[in-house]
Every structure is written in structure tokens, then in C-alpha cells.
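Enquirer: Mind looking over this structure? Questions follow.
The values are calculated or read from the model by the stated rules, or taken from the named source; none is laboratory data. If you're wondering where the values come from, they're calculated on a predicted model, not measured in any experiment. Don't worry about glycine lacking a Cβ; one is built from the backbone with ideal geometry, like all the others, and counts go over all protein chains shown.
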Amino acid sequence: MKYEDNAKIFKALSDTNRLQIVQLLSCEEKCGCELLESFKFTQPTLSHHMKVLIESGLVNTRKEGTWNHYSLNNINANRLVLFLMNIVTN
């Protein structure tokens, strides 16, 4: 993973709502309606947060009917963890 890729993810995670979304997705895939139940903001606001997370490469999306389903991109999440571990241990 390039420094630019990691920087995009860190920027995406700099928002507390997006951090909470990532934590929710770490357990299982969720549709947008399920994510909205955990927050006090509107669907357009959720869409904005999801767009940032998807563009960072940290979240995957798939459409099923009219619903978007979101999941954590475990490959990129693990790469980020390894990057941080390398910084801490060197």
C-alpha cells in the first residue's frame, strides 16, 4: 500500500461518525437502513460518509434491489494495521 493510500484511509477515519461506521461494519455487512438506525443523521449524510469510506478503499459496497449493502474491506484494513505495526516496531 502506498503512503497516499494510507493517507486517504486516515483522512476518512478522522471523522468520529465514520470511525463508528467502520466499527459497526467490522462485525458484519450492513445495509444503509441498518446503519442509519445507529445515528441521528439523515440518509444523505450517511451517503456522504459512505462515499468517503468507499473512495478510501476501506469499505466495499454492493447493491441489492434498492438497498446498498456495505462491508469492511478486510484486505485494506489489514494492510493499514500492518503499516501501523511496522511504524511502531521500527
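Enquirer: Of the residues PHE41, PHE10, which is among the aromatic types (Phe, Trp, Tyr), within 21 Å of MET85 (Cβ to Cβ) and surrounded by 11 or more Cβ atoms within 10 Å (Cβ to Cβ)? Walk me through it before giving the result.
Expert: Numbers: PHE41 fails: within 21 Å of MET85 (Cβ to Cβ).
Criteria check complete, one pass: PHE10.
Enquirer: Select, from HIS49, HIS69, the only residue that is more than 14 Å from ILE9 (Cα to Cα), in contact with an Asp or Glu (Cβ under 8 Å, 6 or more places away or on another chain) and touching a residue at least 24 places away in the same chain (Cβ under 8 Å). Don't jump to the end; show me each part of the working.
Expert: Details: HIS49 fails: more than 14 Å from ILE9 (Cα to Cα).
None of the others qualify; the one that does is HIS69.
Enquirer: While we're on this one: Restricting attention to region 13-43, which residues are over 11 Å from the mean Cα position of the chain (by Cα) and β-branched (Val, Ile, Thr)?
Expert: Within region 13-43, THR16, THR42 meet the criteria.
Quick grid of which residues meet (1) of a type in the set (Asp, Glu); (2) at negative phi:
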position: ALA7; (1), (2): no, yes
position: ASP15; (1), (2): yes, yes
position: ILE21; (1), (2): no, yes
position: ILE54; (1), (2): no, yes
position: GLY57; (1), (2): no, no
position: ALA77; (1), (2): no, yes
position: PHE83; (1), (2): no, yes
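Enquirer: Next question, about the same structure. Quick check on this structure: which one of LEU53, LEU80, LEU46 is in contact with a strand residue (DSSP E or B) (Cβ under 7 Å, 6 or more places away or on another chain) and surrounded by 11 or more Cβ atoms within 10 Å (Cβ to Cβ)?
Expert: Numbers: LEU80 fails: in contact with a strand residue (DSSP E or B) (Cβ under 7 Å, 6 or more places away or on another chain); LEU46 fails: in contact with a strand residue (DSSP E or B) (Cβ under 7 Å, 6 or more places away or on another chain).
Criteria check complete, one pass: LEU53.
Enquirer: Further, regarding this structure: Out of region 1-44, which residues are free of Cβ contacts under 8 Å to residues at least 24 places away in the same chain and either among the hydroxyl-bearing types (Ser, Thr, Tyr) or touching a Lys or Arg at 6+ places or on another chain (Cβ under 9 Å) (or both)?
Expert: Answer for region 1-44, where residues must be free of Cβ contacts under 8 Å to residues at least 24 places away in the same chain and either among the hydroxyl-bearing types (Ser, Thr, Tyr) or touching a Lys or Arg at 6+ places or on another chain (Cβ under 9 Å) (or both): TYR3, SER14, THR16, LEU24, SER38, THR42.
Enquirer: Now for a different question. Among the residues of region 1-36, how many are at pLDDT 95 or above, among the charged types (D, E, K, R) and in a loop (DSSP other than H, G, I, E, B)?
Expert: Final tally of qualifying residues: 3.
Enquirer: Taking region 54-90 only, how many residues are farther than 23 Å from GLN20 by Cβ, of a type in the set (Val, Ile, Thr) and in a helix (DSSP H, G or I)?
Expert: Residues that pass the stated criteria total 3.
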